[in-house]
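Reading through the structure tokens given below for one structure.
The values are calculated or read from the model by the stated rules, or taken from the named source; none is laboratory data. This structure is a prediction, so every number in the text was calculated from the model and none was measured. Virtual Cβ from ideal backbone geometry, glycine too; neighbours counted across all protein chains shown.
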Amino acid sequence: MVGLGVSSPESRRIEITLPSGSVLVRLFNKRDRSGACRDCAGVGGVHSVVMAAFENSHEAPRPAVSLVRMLVGAVKVVGTLPEGPVLLCGNHVSYRDVFLFGMIRASARLLVHPLVFSFPFLKKWALRWGFVQVSIDDAVAVLRQGQTVAICPTGLVEALGDAELPFKTGAVRIAQQAGVPMVPVYFYYGNYPGRWVMPFSITVQNMILFCLWPFYRRGVTIVVGAPMDPTGDVKERTKELKAAVVALKPVVRV
């Protein structure tokens, strides 16, 4: 059963507890002078929030296989995952990366920017693919439920396939709190855009590349590394995680 806890008007907070016992959603609400909640329309609004959180947590993700076939082409996976929940940590060189974690493990849930859920059409498909809004607490809760979570620790796309951006520490902190191993992943595409895209913002780059997808549909090799123990100093483990991801890049012989 899903538990709903509504705190006092002073704290103005709603907590939704899933069957695992973890608090998955926490909403802060403001009340007007009449005492009505602005962010949720009474019991009906709260009920819809509870149901959305429950369904998103328990419905099995459905990988975007057809979309990957259209946008990427052939997919080759090198390496295997250990059984049980793990945190997949991959490089981020294309918007297409978000669909590829499901090719490694179909049930993987990817952490994505909340902006994805602000558009009704995108939200529908994001929930279908098992995407979850970026949140350390929510990621830990999902991992403790026995599910696999995926993340791109740079947070930004490196469209040229380089590995220059530093990894953020969130991945290590999530793995430490959930008590699960980190698994480095490297996406290596058959073709990358040239530096002509660099003057544009990341958003515009992705839009351009999406429109020109036939020119960059050259397949991808996904290399899965060995599991890593997340325990230790967060910053040092984050550096080691990036090094492990970069080390997976295939050697291309000319």
Matching entry among Ser135, Ser118 (being touching a strand residue (DSSP E or B) at 6+ places or on another chain (Cβ under 8 Å) and either among the hydroxyl-bearing types (Ser, Thr, Tyr) or without any contact (Cβ under 8 Å) to a residue 12 or more places away in the chain (or both)): Ser135
Any chance Val180 is in the same structural domain as Lys76 (by TED's automatic domain parsing), touching a residue at least 24 places away in the same chain (Cβ under 8 Å) and either surrounded by fewer than 17 Cβ atoms within 10 Å (Cβ to Cβ) or in a strand (DSSP E or B) (or both): no
Pro199 surrounded by 17 or more Cβ atoms within 10 Å (Cβ to Cβ) and at negative phi: no
Selected residue (criterion: modelled with the lowest pLDDT) from residues of the stretch 186-209 that are in contact with a helix residue (DSSP H, G or I) (Cβ under 8 Å, 6 or more places away or on another chain) and of a type in the set (Ser, Thr, Tyr): Tyr192
Lone unmet requirement of (1) exposed (fewer than 13 other Cβ atoms within 10 Å of the Cβ); (2) in contact with a helix residue (DSSP H, G or I) (Cβ under 8 Å, 6 or more places away or on another chain); (3) closer than 21 Å to Val98 by Cα for Thr231: (3)
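Take the residues of the stretch 155-177 that are of a type in the set (Gly, Ala, Ser) and over 14 Å from the mean Cα position of the chain (by Cα): which is modelled with the highest pLDDT?
Ranking the candidates gives Ala163 first.
Please state which one of Leu241, Leu248 is part of a helix (DSSP H, G or I) and either among the aliphatic types (A, V, I, L, M) or surrounded by 18 or more Cβ atoms within 10 Å (Cβ to Cβ) (or both).
Numbers: Leu248 fails: part of a helix (DSSP H, G or I).
Residue meeting the stated conditions: Leu241.
Taking the condition under 23 Å from Met207 (Cβ atoms), modelled with pLDDT under 75 and crowded, with 17+ Cβ neighbours inside 10 Å, does Ala53 pass?
No: the conditions fail for Ala53.
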